[in-house]
Amino acid sequence: MARPRNIVILTGAGISAESGLATFRGPGGLWEAHRVEDVCTPEALARDAALVHRFYDARRAALATVRPNAAHEALARLDREWPGELAIVTQNVDDLHERAGARRLIHMHGALRSALCAACGAQRGWDGPMPPGLACASCGAAALRPDIVFFGEMPYAMERIEQAVAEADLFVSIGTSGAVYPAAGFVQLASQCGAATLELNLERSAGSPWFDDTRLGPASVLVPAWVA
Ligand code: BV8
């Protein structure tokens with residue numbers, strides 16, 4: 001194919017695995033004996049806010065112990081050097097893409113280092129623990145929560161993402177099991193709109209049948225080789 005102009009890259013937990021952050025559906029996919037789906041819902045927050053806040057406090061604290069790996073760094077290099085359109089759409093809530101230097105980045109599932117006011121929708125940077133019931137600096141309501149898109153909640157920037165996917169010449173998926181929608185449906189949209197599709201993953205995923213090309217291996221090896 002002619003050199004692509006517009007690229008969309010979707011990343012999932014697998015791109016951060018070699019940095020030491022657990023994936024969701026691998027062997028370490030449970031947390032305090034809870035499935036992620038059980039602590040990542042509005043109902044869980046209403047039922048046991050302390051548990052949900054503890055879950056995200058622990059993952060936010062872990063960010064200080066990890067660093068970007070060669071895959072994050074290769075994508076940041078591509079972001080700096082690519083002359084056409086580029087969007088790195090991440091399902092991840094860690095900050096490793098931005099710490100590697102990525103700029104054209106969309107956190108569709110939110111971010112650990114952000115707080116959201118459930119009352120007024122204000123977002124603000126956040127580090128350290130976030131006890132339930134903290135007051136919002138904008139509206140004063142005791143309604144600060146992790147700025148995380150829970151199951152059953154609408155991911156961020158969906159119109160912008162879907163437009164970028166529909167206009168892409170190349171759609172690349174890195175380190176995701178293709179288990180969670182709407183992200184898992186992006187490859188079908190890209191393919192139907194004429195993009196070439198490439199999957200870089202440790203193992204075949206639920207989305208693999210939709211990809212023109214699937215390369216299996218660790219992201220820290222496959223991504224720099226693809227970007228080169
Ligand atoms: C919504 C929060 C509607 C942050 C997460 C059809 C259409 C639309 C929705 C649905 C649908 N069917 C079902 C749904 C509902 C649901 C859903 O998809 N459920 C699934 C379980 C069936 N989706 C939703 O609820 C979404 N919201 O649809 O809203 C709506 C409409 C209108 C108005 C209001 C609402 C919201 C989904 C977001 C939920 N939040 N996370 C957090 O806690 O982290 S999802 C969670 O899963 C993470 O974000 C994670 O990133 C994401 C996906 O997981 P992966 O990243 O793929 O991680 P996983 O462990 O699964 O896989 C890792 C992969 O890496 C593996 O393949 C492995 O082989 C590979 N790997 C491992 N090591 C390496 C590697 N690869 C390379 N190198 C390595 N070293």
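The residues of the stretch 199-222 that are assigned to a loop (DSSP other than H, G, I, E, B) and either hydroxyl-bearing (Ser, Thr, Tyr) or touching a helix residue (DSSP H, G or I) at 6+ places or on another chain (Cβ under 7 Å) (or both), listed by number, are Leu202, Ser205, Ala206, Gly207, Phe211.
Considering the conditions (1) assigned to a loop (DSSP other than H, G, I, E, B); (2) at pLDDT below 95, Met130 is excluded by exactly one of them, (2). The residue that is nearest to the ligand (Cβ to nearest atom), counting only those in the stretch 206-227 that are small (Gly, Ala, Ser) and crowded, with 23+ Cβ neighbours inside 10 Å, is Ala219.
Among the residues that make up the stretch 164-174, is at least one of them free of Cβ contacts under 8 Å to residues at least 60 places away in the same chain and within 17 Å of Ile88 (Cα to Cα)? Scanning the stretch 164-174, I find at least one residue that is free of Cβ contacts under 8 Å to residues at least 60 places away in the same chain and within 17 Å of Ile88 (Cα to Cα), so the answer is yes.
Taking the stretch 40-52 as the range and being assigned to a helix (DSSP H, G or I) and closer than 22 Å to Val180 by Cβ as the test, the residues that pass are Pro42, Glu43, Ala44, Leu45, Ala46, Arg47, Leu51, Val52.
Can you find even one residue in the stretch 178-188 that is surrounded by fewer than 18 Cβ atoms within 10 Å (Cβ to Cβ), modelled with pLDDT under 95 and assigned by TED's automatic domain parsing to the domain that holds Leu75?
Taking every residue of the stretch 178-188 in turn, at least one turns out to be surrounded by fewer than 18 Cβ atoms within 10 Å (Cβ to Cβ), modelled with pLDDT under 95 and assigned by TED's automatic domain parsing to the domain that holds Leu75.
Take the conditions more than 13 Å from the ligand (Cβ to nearest atom) and touching a residue at least 40 places away in the same chain (Cβ under 8 Å) and apply them to Leu78. Does it pass? Here the answer is yes, as Leu78 does meet what is asked. Taking the conditions (1) in a loop (DSSP other than H, G, I, E, B); (2) away from the ligand (no atom under 11 Å from the Cβ); (3) among the charged types (D, E, K, R) in turn, Asp94 satisfies each one other than (2).
The values are calculated or read from the model by the stated rules, or taken from the named source; none is laboratory data. The shown structure was predicted, so the numbers you read here are calculated from the model rather than taken from an experiment. When we count neighbours, we look across all protein chains shown, and the Cβ atoms used for this are built from the backbone with ideal geometry, even at glycine.
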